[in-house]
1. Would you pick out the residues in the stretch A:142-186 that are in contact with a Lys or Arg (Cβ under 8 Å, 6 or more places away or on another chain) and either open to solvent by less than 20 Å² (accessible area, probe 1.4 Å) or of a type in the set (Phe, Trp, Tyr) (or both)?
2. Select from the stretch B:298-317 the residues that are surrounded by fewer than 22 Cβ atoms within 10 Å (Cβ to Cβ) and either in contact with a Pro (Cβ under 6 Å, 6 or more places away or on another chain) or among the polar types (S, T, N, Q) (or both) and write down the one among them that is farthest from the other protein chains (Cβ to nearest Cβ).
3. Please pick out the residue among B:258, B:185, B:176 that is without any contact (Cβ under 8 Å) to a residue 60 or more places away in the chain, in a helix (DSSP H, G or I) and small (Gly, Ala, Ser).
4. How about the stretch B:179-223: which of its residues are at pLDDT below 75, within 14 Å of chain A (Cβ to nearest Cβ) and buried (at least 20 other Cβ atoms within 10 Å of the Cβ)?
5. Please work out which residue is farthest from the other protein chains (Cβ to nearest Cβ), limiting yourself to the stretch B:265-296 and to residues that are among the polar types (S, T, N, Q) and in contact (Cβ under 8 Å) with a residue 60 or more places away in the chain.
6. Which numbered condition in (1) within 30 Å of residue B:327 (Cβ to Cβ); (2) open to solvent by less than 60 Å² (accessible area, probe 1.4 Å); (3) hydrophobic (A, V, I, L, M, F, W, C); (4) without any contact (Cβ under 8 Å) to a residue 60 or more places away in the chain is the only one that residue B:96 fails?
7. When only residues in the stretch B:136-172 that are outside any helix (DSSP H, G or I) and without any contact (Cβ under 8 Å) to a residue 60 or more places away in the chain count, which is least open to solvent (accessible area, probe 1.4 Å)?
8. I'd like the full set of residues that are of a type outside the set (Gly, Ala, Ser), crowded, with 24+ Cβ neighbours inside 10 Å and in a loop (DSSP other than H, G, I, E, B), limited to the stretch A:242-282.
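The values are calculated or read from the model by the stated rules, or taken from the named source; none is laboratory data. Predicted model, so just to flag it, every value in this text is computed and none were measured. Positions of Cβ are generated from backbone atoms using ideal geometry, with glycine treated the same way; all protein chains shown enter the neighbour counts. With ligands, DNA and RNA removed, areas are computed over all heavy atoms of the protein, side chains included. Shrake-Rupley method; radii C 1.70, N 1.55, O 1.52, S 1.80 Å.
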Amino acid sequence: MSAVAVANEQSEILAVLARPPRSLWRDAWRRLLSNRLARVGMAISLFFLLMAIFVPFVFPYNAKVDSDLVNQLTEPSREHLMGTDEQGRDVMNRIAQGAQASLGVGLSSVLIAVVIGTLIGLVAGFAGRWIDIVLMFLMDIMLSFPGLLLAIAIVALVGPGLRNSLLAITTVSIPVYARIARSTVLSIKEQEYVTAARCVGAPSPRILFRHVFPNSLSPILVQGTLGIATAILEIAALGFLGLGQQPPYPEWGAMLADSVKYLTSGAWWVLLFPGFAIMLTVLGFNLLGDGLRDALDPRLRVD
Amino acid sequence: MSTYLIRRILYVIPVLFIVAVVTFVIMHATPGGPWDAEASKRTSDPLFLEKLNQRYGLDKPLFLNTYAFAQAKTNGANPAELAQALLDGQFPNYLWNLLHGDMGPSLRMKGRDVNEVMFFSSTDRPFWTSRFGTTALIGLLALGIALLVGLPLGILAALRHNTIFDYGSLFFATIGYGIPNFVLGVFFIIIFAVWLEWVPVITPAIWMEDSNMPNLSAAFLPSLTLAIPTAAYLARLTRASVLEVMGRDFIRTARSKGLSERIVVIRHMLRNALIPVATVIGPALAGLVTGSFIIENLFGINGIGRLFVESISRRDYSMIMGTTLFYALLIALANVMVDVVYGFLDPRIRMK
């Protein structure tokens, strides 16, 4: 190898070294942005998120006085782009105002469930022995109820309402995160850097939160995003069964349930648009979750 | 294998027991009771209520009857009688009757047993016209549709990887998996009943008065609605599985032996690729049957799911227990089936 070639190679290496360091998260972010479906999912999720945050502020809405009995069940027109419902309320406005219920409960239930579930899973996986057995047995019992049925039972117990459906949905999803956190911890626990930390005398809580937790974050993040979609679906289902948000406050599932009886009179718009809202939000978070999974763990990609 | 199977099946028993305990506790902790759920028929006569409670054993303690126990003790009863007195609570009595196949009388449907309401039709007609039969029919039809749609889509997508077929089926799978079934049901009703007017808006009864055969045209739309998310899931799973098998060495070996493409695909590729798919069929069916309660409510079908939702709001205690245990049994058995089918189809997996 000539001296020039060596010098070239050295300068190339230096150039690589001079680049800003690429962290795992930044790499994942780049992969996420390069995925078309994930971008679509992100756009949809962001759209509804912004709707949920800003619409109630910009257009204050008082559900209790909103009715226009002259314009009951009018077809979509220029004045009411998505028509009006059985009380003459503008369907588009109610969908926009209802985003707060779905997204708010969806996000907060996932956040709470992730925190509690991860904590349970981390402790179970890290402590092992009887703590693990007891905690995971409890989680298995919760999982042996079908999710929505357990949520219905909890809502029946504490009474219908949005806050109570938040409680129900959160409780139901805790075991999912606990199981994921536990299984990741079990594999991370055997990694060499954990042994190394133990060798230098790091106390267990420190190992748990400094080494194990950050490395088990990505599957939980993916599941959490997919979980938002599930939670939104469950809120709508509870609302549809009359157990979620109570009238007159707008919520997509409840809007569907209130309007099903008008199908015989051919009023499709009171059902189609809230249905689309539910479908799109669920789709958006599902796409985003799938994209995150591909971005965070490229090995899992099937193609 | 057989000891493994027996152990897996025995594991169902504690799971069901705990589900029963949890349901029982939640149910009794819920405000209200079977006698006051309907305001119009509310009775306030305490004597009457007391008689009702006595008749259905609701005046006894929930779990352990310490009162009867103490009484028996002062009367100097023998240990067997003592145990009997102690276990004379609502829950132990329920379990005892359940072990004899008796789920007790319904508290809200006058003069009818839970068994009868769930598994037998009202008149002297075959049992498959019962609520259970209705739910099972919808579930099985949905499973059939899901398999007929999901498998070919998944296989096609994998064999024509990165073509329009692939993207099309992926699109279907993504949309179909995310869409809640009550929304899909509403869309179907709007499209097929309101716009196209192919079917009536109000779904007719699945079991006609004069026939013991199901009215399949009435069952079709609910089954299709129920099937779509499962079809999407199966398509995704099949696609991934076929893609994975396609790259294996034994496929290359089969091709280099000069086997025809058809035989390579059917005998070598699909046989292996469908193993993971076969294992999810059990849980898929359980999911379809337990997930049908929203569909049953939407289409007004008299199945177990509707019974479940109704019995919760009417506080029909024995009916709640019956339907919940039925669901839990289905799910538990489906999970057992996964393990068993897996071991059966893939001899490489050793049963411990």
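1. None - no residue of the stretch A:142-186 is in contact with a Lys or Arg (Cβ under 8 Å, 6 or more places away or on another chain) and either open to solvent by less than 20 Å² (accessible area, probe 1.4 Å) or of a type in the set (Phe, Trp, Tyr) (or both), so the list stays empty.
2. Here the answer is B:302.
3. Just one listed residue meets the conditions, B:176.
4. B:203, the sole residue that qualifies.
5. Applying the filter and picking the extreme gives B:279.
6. The number of the failed condition is (2).
7. B:163
8. A:243, A:245, A:250, A:251
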